[in-house]
Amino acid sequence: MTPPDISSFPTLGILGGGQLGKMMAADAVRMSVDVRLLSPKDAGPMQAYSGSRTGDWTDPDVLRNFAADCDVVTVESEWAPAEEAAEAVPGNTEVRPSPSTLAVIKDKGVQKRRLADAGCPVPDFKNCETLEEAVDAATSLGFPVVLKQYRGAYDGYGNATVHSAEELREAWPDLAADDGLMVETFADFTRELAVQVARRPGGEQVVYPVAYTEQRNHRCHAVEVPADVSEDVAREARSIAQQAVDVVEGVGLVAVELFEMPDGRVLINELAPRPHNTGHYSIEGSHTSQFENHLRGVLDWPLGNPSLRRPAAVMVNVLGTREGTPPDASGLSDALAVDGAHVHVYGKPDVRPGRKMGHVTALGSTRDNARERAERAAEAIHL
Ligand SMILES: Nc1ncnc2c1ncn2[C@@H]1O[C@H](COP(=O)(O)OP(=O)(O)OP(=O)(O)O)[C@@H](O)[C@H]1O
Ligand SMILES: [Mg+2]
């Protein structure tokens with residue numbers, strides 16, 4: 001493909017001011033893309049950039065003002081007001097990914113329906129408006145089932161696994177919105193996997209290696225790349241991920257969360273239309289990071305090589321272990337003493353138990369070797 005003529009350095013607006021926006025902005029700055037961030041609240045991570053501001057991002061005037069000289073506006077989260085931004089921005093400013101892609105992804109029911117209708121493998125599910133419908137659906141799918149809120153959930157907070165009609169009836173009132181809940185078959189998976197795909201507006205894609213994501217207490221603890229899966233599973237995971245990203249017409253980076261099933265099938269759990277925790281390893285681990293390829297995708301620039309620089313990369317999250325402020329830097333020197341440990345601290349002003357405060361990546365000749373060093377450095381940090 002002929003590279004487009006990049007005739008000037010663009011201005012990129014990022015809706016969001018958390019760690020994902022911060023890491024996107026870092027790559028933008030490196031390539032002299034003029035970057036600005038807008039967040040509804042004073043998010044700590046974005047303070048690293050002078051082009052960051054806070055404001056009511058549902059207010060068309062605020063959005064218009066923010067986007068006035070942006071060539072492209074992107075989002076760090078599916079919850080950012082892309083639709084409102086698209087209405088407010090000048091006609092020559094692109095919002096990418098498009099509000100229609102975000103609308104499909106941010107509602108788990110709509111997303112699963114779209115993927116299933118396009119033939120992507122997903123766990124059996126039913127979108128249920130009423131409790132009785134949900135009890136019928138769960139009975140025919142077979143317990144246990146996972147109840148999922150359609151919108152606004154993260155880190156598993158909007159989900160509940162129920163084992164009987166009684167448990168379902170108990171869980172429903174607290175979880176269900178006016179339009180109900182999704183009822184999904186409990187997938188008794190072997191492993192959770194993730195694949196990042198970067199896509200340009202015209203459909204050109206690059207796909208990252210398959211990552212294994214290890215969850216502890218419903219949160220991502222570590223990510224190992226490449227995942228220790230068979231070649232067939234790896235091929236299937238990457239191909240399903242690429243198909244899913246085409247189905248939703250993703251632009252920029254899309255992360256695809258997958259379940260590897262005991263019979264070798266691979267099912268899609270959900271998509272995230274942005275760089276994702278499971279792709280943080282790529283900052284040091286890949287020739288082109290997920291953040292850079294997100295920028296390249298939304299700017300319609302040539303995509304970069306997503307392959308690993310070394311045989312293995314492992315990322316370990318640094319989660320808050322206490323309630324407090326400000327973060328405590330005392331463990332940093334021990335973490336930095338670990339050979340080849342790449343330490344990231346997001347700059348969130350206050351710590352909460354389980355909150356993602358930073359991460360560590362290590363590369364190595366084997367997964368075990370990288371894992372040992374990433375774990376050792378992450379353990380040393382007690383923000
Ligand atoms: N159908 C299922 N069967 C078994 N486990 C599931 C199922 N759906 C989700 N889970 C488990 O719950 C976790 C969180 O689910 P999901 O991805 O729907 O939630 P989320 O709130 O969007 O979470 P996150 O922000 O961590 O992506 C999954 O990573 C997986 O471990
Ligand atoms: Mg998820």
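The values are calculated or read from the model by the stated rules, or taken from the named source; none is laboratory data. Note that the structure is a prediction, hence the values are computed from the model and not measured. Ideal geometry is used to build each Cβ from the backbone, glycine not excepted, and the neighbour counts take in all protein chains shown.
For this structure, a couple of remarks:
- The residues on offer are Asn159, Asn127, and the sole one that is within 16 Å of ligand 2 (Cβ to nearest atom) and over 21 Å from Ile240 (Cβ atoms) is Asn159.
- Filter result for Pro273 (farther than 30 Å from Lys148 by Cβ and either among the charged types (D, E, K, R) or in contact with a Pro (Cβ under 6 Å, 6 or more places away or on another chain) (or both)): no
- Entry remark, the stretch 58-80: residues being surrounded by 21 or more Cβ atoms within 10 Å (Cβ to Cβ) and out of contact with any helix residue (DSSP H, G or I) (no Cβ under 6 Å at 6 or more places or on another chain) number 4 in total.
- Total residues in the stretch 212-241, condition among the polar types (S, T, N, Q) and surrounded by 19 or more Cβ atoms within 10 Å (Cβ to Cβ): 1
- No other residue among Gly304, Gly252 is modelled with pLDDT of 95 or more, touching a helix residue (DSSP H, G or I) at 6+ places or on another chain (Cβ under 7 Å), at positive phi and away from ligand 1 (no atom under 16 Å from the Cβ) apart from Gly252.
- Those strands (runs of 3 or more DSSP E) lying entirely in the stretch 239-319 with at least 2 residues within 16 Å of ligand 2 (Cβ to nearest atom) and of a type in the set (Asp, Glu): 252-260
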